[in-house]
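The values are calculated or read from the model by the stated rules, or taken from the named source; none is laboratory data. Computed from a predicted model, the values in this text were never measured in an experiment. Cβ coordinates were reconstructed from backbone atoms using ideal geometry, including for glycine residues, and neighbour counts include every protein chain displayed.
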Amino acid sequence: MNARISHVFLAVCGALVALIVMTSYWQVVARGSLEARRANVRLVYRDLEIARGSITSSDGVVLAQSVPGRLDGRSVFVRRYPQDGLAAQLVGYSSLVAGRAGLERSLDPELTGSTSDLAGIGTAFDRLRGDTVHGDDVVLRLVASAQRVAMERLTALGVRGSVIVLDPSTGGLLVMASTPTFNPNDGLDAALSNPESPLLNRATQGLYPPGSTFKVVTAASALDAGAVTPDTSFPGPDCIDSGGERLCNYKSRAYGPHTFAYALVHSINTTFADVGAKTGRDALEATMRGFGFFRRIPFDYPPDQTLPSGIFDRNGNLLPATAPIDVPRLAIGQERLLATPLQMAQVAAAVANGGQLVQPEPVLEVRAPDGSVARRPTTVYLGRAMTTETAATLRALMRQVVDEGTGAAAAVQGLDVAGKTGTAETGRAGHNDAWFIGFAPSNAPRFAFAVLVEDVAGTGGDVAAPIAAEVLRALTSQPT
Amino acid sequence: MAAAAAGQRVSESRGLLALPARNRELGLIVLALAITTAGFAAVQLARAQEFASDPLIAAGLFAAAYLSAHIVMRAALPDADAYVLPITAVLTAIGLIEIYRISPQLARDQGVWILVGLALFIAVVVAFRNIRRLEELRYTCGALAVVLLLLTIGLGTEVNGARLWIRVAGLQIQPGEFAKILLVVFLAAYLRERREVLAAPVRQVLGIGIPALRHALPLLILSGLALVLLVAMNDLGTSLLFYVIALAMIYVATGRLLYVGAGLGLFALGAAAALQVAPQVQGRIDGWLNPWVDEQAQCCYQITQSIYTIADGGVLGAGFGRGLILNSSGDTIIPFAQTDFIFSVIANELGLVGVTAVILLYLLLAWRGFRIATTADDGFSKLLAAGLATAVAFQAFVIVGGILRLLPLTGLTLPFVSYGGSSVTANFAIAALLLCVSQRANRERA
């Protein structure tokens with residue numbers, strides 16, 4: 001029997017040696033490739049050992065910071081958002097479970113201190129020594145006091161919507177509000193299951209028919225193309241026939257003979273349909289391109305959280321340039337045209353900035369752990385959307401919208417506001433997307449803005465313009 | 001007097017080996033206790049901020065228990081193998097330290113189970129000092145094994161889909177661990193009785209000798225039973241383990257590879273068929289063949305995170321208490337790390353070097369077990385020792401092989417190391433039985 005016992009022992013030896021061989025495979029051969037796999041929870045935990053930089057508003061309000069915590073016997077840093085949902089979509093989150101979004105994702109290399117090669121070597125040494133790796137701190141252009149007003153106004157109305165304010169000459173992102181919001185400190189489960197999609201940044205990912213705010217683009221195109229001047233006369237009927245369907249003014253009002261300037265101030269659809277036809281599809285699309293339509297607005301934010309604006313088919317795909325479209329309807333902001341609030345803020349900013357389009361910039365500066373400035377973004381010019389003269393003409397006309405036209409509710413004491421309202425009917429009575437875009441002060445604009453309120457009974461002038469006024473008041477009372 | 005006699009008996013050896021068996025055992029136990037204390041100290045140093053409790057008390061109790069077992073050995077089994085007890089001490093200590101590192105609370109429970117296990121060890125040593133007494137109990141053992149398994153199937157609660165536990169007075173017991181030992185005892189006695197008739201074929205079919213049906217019938221029943229276990233318990237590991245132990249013992253008894261080959265073939269066929277009705281087993285097969293497809297899914301999260309944990313250990317490991325095992329809420333990153341995946345924790349903290357040492361400890365334990373089998377002079381003792389050695393070593397192989405993706409993952413425990421009262425106490429009983437066989441063999445050889 002002893003020989004057979006030895007055979008069984010040999011078999012057992014073989015089996016146990018196979019275990020050692022297999023362990024060697026995992027711990028030595030496969031180790032490197034396993035370390036980098038995304039589903040490897042350990043990778044994410046390892047990131048907690050880095051003191052991620054803070055994110056602060058330009059007025060010194062801390063939006064995101066790392067506080068010391070413990071994980072399995074080691075010192076780690078836990079991400080906290082002291083302002084809860086104040087700028088949750090813009091700032092985003094950095095979470096073990098959900099990953100990263102917003103600026104927490106796009107600025108991740110700086111926040112974790114792994115930007116330059118040199119810093120990378122330093123970081124590696126810090127890690128080897130077991131020292132804490134400190135990321136860079138980021139100061140945003142965001143004005144927290146104005147952001148708070150925007151959030152409070154939208155929340156108080158109980159609406160879904162977005163407010164954006166840009167510095168037109170530098171692209172500085174002063175306000176980017178989106179409601180409903182979420183509290184990144186509470187984890188994302190509730191936000192993910194909320195049917196109102198609070199995680200969605202409506203400023204960059206919400207697509208809405210721009211309605212009459214798009215008349216600014218049509219006007220720029222028509223003026224640039226020489227199709228009209230401010231004094232060109234139009235007949236002003238209540239309705240016209242376009243593409244076999246009737247196209248009417250708001251409340252089917254007839255205006256009688258008037259100038260192009262009057263038509264913009266009073267948002268006359270029949271006239272702008274005519275203007276669109278006169279300008280032509282090619283010129284209109286070229287102007288849209290100049291304003292940044294049809295492509296993602298380039299800026300320091302995750303590309304998959306920024307949607308392009310344009311003309312979409314029923315399946316939500318951007319229409320190719322060759323697709324047949326109803327140009328008169330496009331000219332008044334209909335015809336399957338969808339735009340993000342950020343895109344419409346860019347339209348206002350280009351007008352305010354003398355026709356020059358600049359890239360939105362959320363970051364004021366990046367500070368290294370030693371306090372020195374590691375990066376201060378400069379203005380990035382994206383090209384000319386219209387001539388300087390056209391921009392000057394539009395500024396004057398948009399000033400009149402607030403003075404005597406549909407945007408009267410945006411008037412702010414002591415501030416010379418210019419703008420354009422929009423009320424996009426969603427097809428159901430009493431369910432409009434209300435818009436107000438514009439800038440202030442009109443002669444030397446420091447703020448360009450877009451306000452969108454989703455699915456309300458009122459008009460852009462009634463609902464969106466007062467919000468713009470409140471936010472502008474907060475911005476101007478803010479010492480600069 | 002007995003110790004002095006043992007000294008003369010090993011006098012042909014030289015150096016350390018010239019010492020009497022029990023003195024060698026004591027020396028090795030002291031060494032194991034030194035390792036234990038160092039391990040606890042390492043964890044305590046690494047985790048001083050979390051742990052308020054004093055592990056030295058645990059180390060002290062651990063030492064006292066092992067020294068008591070050793071003293072009983074001196075009195076009851078003076079000539080028995082010197083290595084079995086120290087090997088279990090190191091394995092138990094490594095498990096206890098890693099469990100302490102996961103949770104001092106769990107380690108307290110495990111510590112109690114080790115004390116209970118050593119008490120059972122002493123009880124078995126005292127009761128079966130004369131191992132032949134066990135042979136007389138063969139039918140009792142066989143019947144008890146069947147009862148335990150039926151109880152598991154009948155009253156079992158499912159944990160992780162497998163039906164391996166029953167609840168008695170607030171405790172979760174895994175009767176399979178004890179049934180395994182009883183089955184080995186029964187088989188050893190049964191095969192010793194029948195091995196001649198089983199080995200000698202009565203007729204030839206296609207040139208292959210076939211034993212008389214009435215002798216082979218129990219073997220067929222055994223195969224069927226293993227498959228019934230597979231389906232009823234929804235666990236491939238337990239049925240495979242029982243089956244392989246039985247086949248190994250049959251091979252040792254009869255020397256006929258035909259039985260082994262036919263048995264494995266039958267089992268593979270039956271298992272393939274059983275997969276159709278046991279969904280848990282099918283999930284385990286999916287997780288075995290390709291866990292990377294959906295790492296978050298039920299099938300695969302545990303095994304993939306375990307592999308990351310193992311790989312992270314590298315050659316030298318993070319060190320006792322210094323690996324990344326717990327998540328931010330204090331739970332183990334790998335679900336059930338303290339029971340099914342304790343190996344992965346060891347691999348993370350002790351690295352390839354530590355894992356190799358642990359596997360070599362099982363190899364050493366198996367070697368001592370098989371050596372006891374070869375030195376024993378009666379068929380029952382040989383079969384018993386070989387069966388028990390196979391049981392421990394193969395169980396370690398099946399669970400670790402499952403973790404390393406050599407085999408489908410199973411719910412077996414790592415002997416002496418995994419958290420769990422049934423596992424710890426049953427394995428101490430195995431060690432005690434091996435030493436009882438060893439005592440008789442060594443005494444008679446002398």
### Task
Need at least 1 residues that are charged (D, E, K, R) and more than 9 Å from chain A (Cβ to nearest Cβ) per element, so show me which helices (runs of 4 or more DSSP H) inside region B:254-335 make the cut, counting only ones lying wholly within it.
B:279-289
### Query
Within region A:347-355, is even one residue of a type outside the set (Gly, Ala, Ser), assigned to a helix (DSSP H, G or I) and on the phi > 0 side of the Ramachandran plot?
no
### Query
Do we find that B:Val424 is within 14 Å of chain A (Cβ to nearest Cβ), aliphatic (A, V, I, L, M) and in contact with a helix residue (DSSP H, G or I) (Cβ under 7 Å, 6 or more places away or on another chain) in this structure?
no
### Query
Among A:Thr340, A:Thr387, which is surrounded by fewer than 21 Cβ atoms within 10 Å (Cβ to Cβ) and of a type in the set (Ser, Thr, Tyr)?
A:Thr387
### Task
State all residues of region B:336-357 that are at the interface with chain A (Cβ under 8 Å from one of its Cβ atoms) and either on the phi > 0 side of the Ramachandran plot or not aliphatic (A, V, I, L, M) (or both); if no residue qualifies, say none.
B:Gly351, B:Thr356
### Message
List the residue pairs whose Cβ atoms are under 6 Å apart, where the first residue sits in region B:356-369 and is in the same structural domain as B:Gln439 (by TED's automatic domain parsing), the second is hydroxyl-bearing (Ser, Thr, Tyr), and the two are 6 or more positions apart or on different chains.
### Response
B:Arg368/B:Tyr83
#### Entry: Residue among B:Leu364, B:Leu404, B:Leu360 that alone is within 9 Å of chain A (Cβ to nearest Cβ), out of contact with any Pro (no Cβ under 7 Å at 6 or more places or on another chain), over 19 Å from B:Ser239 (Cα atoms) and surrounded by fewer than 24 Cβ atoms within 10 Å (Cβ to Cβ)
B:Leu360
### Message
Go through region B:96-154 and report how many residues are surrounded by 17 or more Cβ atoms within 10 Å (Cβ to Cβ), aromatic (Phe, Trp, Tyr) and part of a helix (DSSP H, G or I).
### Response
3
### Message
Between a residue in region B:423-444 that is under 17 Å from B:Thr374 (Cα atoms) and outside the structural domain of B:Val184 (by TED's automatic domain parsing) and any residue that is among the polar types (S, T, N, Q) and surrounded by 24 or more Cβ atoms within 10 Å (Cβ to Cβ), which pairs come within a Cβ distance under 6 Å, given they are 6 or more apart or on different chains?
### Response
B:Ala431/B:Thr88; B:Val437/B:Ser381
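If a residue has to be in a helix (DSSP H, G or I) and surrounded by fewer than 24 Cβ atoms within 10 Å (Cβ to Cβ) to count, how many in region B:367-391 make the cut? Step through it out loud before you land on a result.
Initial filter on region B:367-391 (in a helix (DSSP H, G or I)): B:367-375, B:379-391.
Right, trim to surrounded by fewer than 24 Cβ atoms within 10 Å (Cβ to Cβ) and you get B:367-368, B:371, B:374-375, B:379-380.
The number of residues fulfilling the criteria is 7.
Taking the condition more than 18 Å from the chain's Cα centre (by Cα) and assigned by TED's automatic domain parsing to the domain that holds B:Asp81, does B:Gln338 pass?
Working: more than 18 Å from the chain's Cα centre (by Cα): no; assigned by TED's automatic domain parsing to the domain that holds B:Asp81: yes.
Taking the combined requirement at face value, the residue does not satisfy it.
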## Note on the structure
With the first residue restricted to region A:173-201 and required to be closer than 19 Å to A:Phe449 by Cα, and the second required to be part of a loop (DSSP other than H, G, I, E, B) and of a type in the set (Val, Ile, Thr), Cβ contacts under 7 Å at 6 or more apart or on different chains are A:Leu174/A:Val143; A:Val175/A:Val143; A:Thr179/A:Val159
### Query
Which residue, of A:Leu96, A:Leu103, A:Leu43, is away from chain B (no Cβ under 14 Å) and either within 25 Å of B:Thr309 (Cβ to Cβ) or buried (at least 21 other Cβ atoms within 10 Å of the Cβ) (or both)?
A:Leu103
### Query
Hey, which of the helices (runs of 4 or more DSSP H) in region A:135-236, taking only ones fully inside, have at least 3 residues that are within 19 Å of the chain's Cα centre (by Cα) and charged (D, E, K, R)?
A:144-157
### Query
Has region A:47-59 got any residue that is within 14 Å of another protein chain (Cβ to nearest Cβ), under 30 Å from the mean Cα position of the chain (by Cα), at pLDDT below 90 and farther than 23 Å from A:Arg376 by Cα?
yes
### Task
Could you check how many residues of region A:18-40 are at the interface with chain B (Cβ under 8 Å from one of its Cβ atoms) and of a type in the set (Val, Ile, Thr)?
3
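Of the residues A:Ala396, A:Ala352, which single one is in the same structural domain as A:Arg446 (by TED's automatic domain parsing), of a type in the set (Gly, Ala, Ser) and crowded, with 19+ Cβ neighbours inside 10 Å? Don't jump to the end; show me each part of the working.
Details: A:Ala396 fails: crowded, with 19+ Cβ neighbours inside 10 Å.
Of A:Ala396, A:Ala352, the one residue that is in the same structural domain as A:Arg446 (by TED's automatic domain parsing), of a type in the set (Gly, Ala, Ser) and crowded, with 19+ Cβ neighbours inside 10 Å is A:Ala352.
Could you tell me how many of the residues in region A:301-332 are within 18 Å of A:Gly276 (Cα to Cα) and either among the aliphatic types (A, V, I, L, M) or exposed (fewer than 11 other Cβ atoms within 10 Å of the Cβ) (or both)? Please lay out each step first, then the result.
First, pick out the residues of region A:301-332 that are within 18 Å of A:Gly276 (Cα to Cα): A:310-311, A:321-332.
Applying the additional criterion that residues be either among the aliphatic types (A, V, I, L, M) or exposed (fewer than 11 other Cβ atoms within 10 Å of the Cβ) (or both) yields A:311, A:321-325, A:327, A:330-332.
Going through region A:301-332 one residue at a time, the tally reaches 10.
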### Query
Has region A:79-92 got any residue that is within 36 Å of the chain's Cα centre (by Cα), modelled with pLDDT under 85 and within 14 Å of chain B (Cβ to nearest Cβ)?
no
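Taking B:Ala248, is it surrounded by 19 or more Cβ atoms within 10 Å (Cβ to Cβ) and free of Cβ contacts under 8 Å to residues at least 24 places away in the same chain? Even if it seems obvious, please write down each step before you answer.
Working: surrounded by 19 or more Cβ atoms within 10 Å (Cβ to Cβ): yes; free of Cβ contacts under 8 Å to residues at least 24 places away in the same chain: no.
No.
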### Query
If you go through region B:367-399, how many residues are more than 7 Å from chain A (Cβ to nearest Cβ) and polar (S, T, N, Q)?
3
